[in-house]
Amino acid sequence: MKIGILGNGQLGQMLEASVTDLTDLDISLYDLRAHSDEALEAFIAANDLISYETENIPAHIVAVLEGHADKLAPGLNALKVFQNRLLEKNALRAAGIATADFCAVNSLADVKAAVEQLGLPIVLKTTTEGYDGKGQFVLRSPDDAEPAWQAIGGRELIAEAFVTFSRETSVIASRSADGKVVIWPMTENVHHEGILRYSLYPCAGLSDAKAEQARTYITDLANSLNYVGTITLELFDTETGLVANEVAPRVHNSGHWSIEGAEASQFRNHMLAISGKPLGATDALYPAVAMLNVIGDETPTSAAAGLDGVYVHSYGKEARPARKLGHVTVTAQTVAERDASITKLAGLMPAGVWNQ
Ligand code: AMP
């Protein structure tokens, strides 16, 4: 079976690498940045199935995909819904999943109305193309309305009530075409300047009730869209339960730990799901695992050399500020052992980000 993946970044590369032993799957990656309609049509024609490593696919490329919806997995509907934060929030609500209160914003008057409706603070976000905290503005006073609209307005925005949370988590699942859902254990995710810096398994102190809530959420969401492939739900951990932040219709940075840390990785199960093969088990292989991102140029991965149970992934990209260049997975027999290894690797992160 020939599978084409839109996007040739690290996610596409890790998807490809996850099934190199499955010789009946022939994977190729399409460089979205070098797009032409003719090249994409030829790529689609040359493959039996098309998947994608990112939901940030420009509208003119989505328009080409419209003509080949039967080849796309996950489906066109999932791609369109999770490209747009308003559609995404509506889909979450429709699946019975708790989210921040929100409203659409298309003008400065709408920003002011949102402040009235939702109270302060509110988080204003562009509905499309925002990632890693880009295209966002937190309003703390009514006087922030004009600067916020100046900064990111002039296009469709979403205003969200500010969620008070103790930490951020995520839950990742893969769903097969026949409706089977497998779910990885959750991670706690720590961000700095809007970018994920590290993820920890297990998600310390998470109650059974919240873990069950997350499993129900991701299962209901995937089923509601008849989703096929790997899907990620980012969640705020709050006093009253988990609140959904956003969805990625794809493998996610917070699931990279599963390559070495789980029986089947998020990448492999995505490929198995879309190609109609039985899904692998998602159990963790170690009592404690961590994933540390290598970002910008501050971070020589040689720090990881010689550490037991530590695996370095380099994406082969040129260093640039805020760019994800690679990641390091730490596996350990105890949380204390894992945390001792992270402490040795703390130089991979900006000062103060790891302070345990
Ligand atoms: P996002 O791009 O939506 O994941 O937002 C980036 C980061 O902003 C999140 O990881 C949160 O730390 C923060 N954030 C986003 N939305 C909210 C919200 N409604 N309330 C509080 N913090 C938020």
Strands (runs of 3 or more DSSP E) (entirely within the range 252-356) containing at least 2 residues that are free of Cβ contacts under 8 Å to residues at least 40 places away in the same chain and closer than 24 Å to Glu53 by Cβ: 310-314, 324-332
Residue match in the range 77-89 (condition: away from the ligand (no atom under 16 Å from the Cβ) and not in a helix (DSSP H, G or I)): no
Filtered residues of the range 230-248 (kept if within 23 Å of Val294 (Cα to Cα) and not in a strand (DSSP E or B)): none
Test for Tyr227: is it assigned to a loop (DSSP other than H, G, I, E, B), modelled with pLDDT of 95 or more and open to solvent by less than 10 Å² (accessible area, probe 1.4 Å): yes
Number of the condition not met by Gly316 [criteria: (1) open to solvent by 70 Å² or more (accessible area, probe 1.4 Å); (2) over 24 Å from Glu16 (Cα atoms)]: (2)
Which numbered condition Leu65 misses (of (1) away from the ligand (no atom under 14 Å from the Cβ); (2) open to solvent by 50 Å² or more (accessible area, probe 1.4 Å)): (2)
Filter result for the condition that a residue is in contact (Cβ under 8 Å) with a residue 40 or more places away in the chain and at negative phi, over Ala39, Ala69, Ala73, Ala59: Ala73
Restricting the range 92-135 to residues that are open to solvent by 30 Å² or more (accessible area, probe 1.4 Å), under 20 Å from Glu55 (Cβ atoms) and touching a helix residue (DSSP H, G or I) at 6+ places or on another chain (Cβ under 7 Å), the residue that is farthest from the ligand (Cβ to nearest atom): Ala94
Odd one out for Val138 among (1) near the ligand (Cβ under 10 Å from one of its atoms); (2) assigned by TED's automatic domain parsing to the domain that holds Leu225: (2)
Residue in the range 272-281 that is modelled with pLDDT of 95 or more and within 16 Å of the ligand (Cβ to nearest atom) present: no
Glu188 vs. criteria away from the ligand (no atom under 12 Å from the Cβ), surrounded by fewer than 17 Cβ atoms within 10 Å (Cβ to Cβ) and modelled with pLDDT of 95 or more: no
Filter pass, Ser199 being in contact with a Leu (Cβ under 9 Å, 6 or more places away or on another chain) and not assigned by TED's automatic domain parsing to the domain that holds Leu15: yes
Leading residue by the ranking (farthest from the ligand (Cβ to nearest atom)) among those in the range 150-182 that are under 14 Å from Pro278 (Cα atoms) and surrounded by fewer than 24 Cβ atoms within 10 Å (Cβ to Cβ): Asp178
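The values are calculated or read from the model by the stated rules, or taken from the named source; none is laboratory data. These numbers come from a predicted model, not from an experiment. Neighbour counts are summed over all protein chains in view; Cβ atoms, including those assigned to glycine, are modelled from backbone coordinates with ideal geometry. Surface accessibility is based on the protein's heavy atoms, side chains included, excluding ligands, DNA and RNA. Shrake-Rupley method; radii C 1.70, N 1.55, O 1.52, S 1.80 Å.
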